[in-house]
Amino acid sequence: MRTFHQTMSNPTAIDLRSTPIFQLSDEELRERLRPTYERMKAEKFAKGGYLTYYDPTVCPNNTYAVHEYSDRKELVKLDENGKAQYVKTL
């Protein structure tokens with residue numbers, strides 16, 4: 001009788017879910033996280049929310065962040081208390 005592990009493992013197919021994240025390349029890690037990210041993003045936008053992240057291509061330093069809404073992106077400056085001040089629409 002085959003065990004669950006023997007049934008689920010296939011030496012010819014690489015399953016990113018079974019590989020420790022520390023052994024994945026940047027691209028493999030992005031692919032592994034993509035479904036979770038897309039689901040989270042859709043849920044947040046459906047509630048009228050936004051995502052906040054740092055983008056080195058548009059943020060001059062780490063006191064700036066991007067607020068991404070379902071229909072636009074905004075550059076904001078964060079103060080020492082974490083409050084965001086609108087800078088411009090991207």
**Request:** List every residue pair whose Cβ atoms sit under 6 Å apart, with the two residues 6 or more apart in sequence or on different chains, where the first one lies in region 31-56 and is closer than 21 Å to residue 82 by Cα and touching a residue at least 24 places away in the same chain (Cβ under 8 Å) and the second, anywhere, is of a type outside the set (Val, Ile, Thr) and open to solvent by 70 Å² or more (accessible area, probe 1.4 Å).
**Result:** none
**Message:** I'd like to check something: does region 60-68 contain any residue that is of a type in the set (Gly, Ala, Ser) and touching a residue at least 24 places away in the same chain (Cβ under 8 Å)?
**Reply:** no
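The values are calculated or read from the model by the stated rules, or taken from the named source; none is laboratory data. Treat the numbers as computed from the prediction; the structure is a model and nothing was measured. Note that we place each Cβ from the backbone using ideal geometry, even for glycine, and neighbour counts take in every protein chain shown. Note: areas computed on protein heavy atoms with side chains; ligands, DNA, RNA excluded. Shrake-Rupley method; radii C 1.70, N 1.55, O 1.52, S 1.80 Å.
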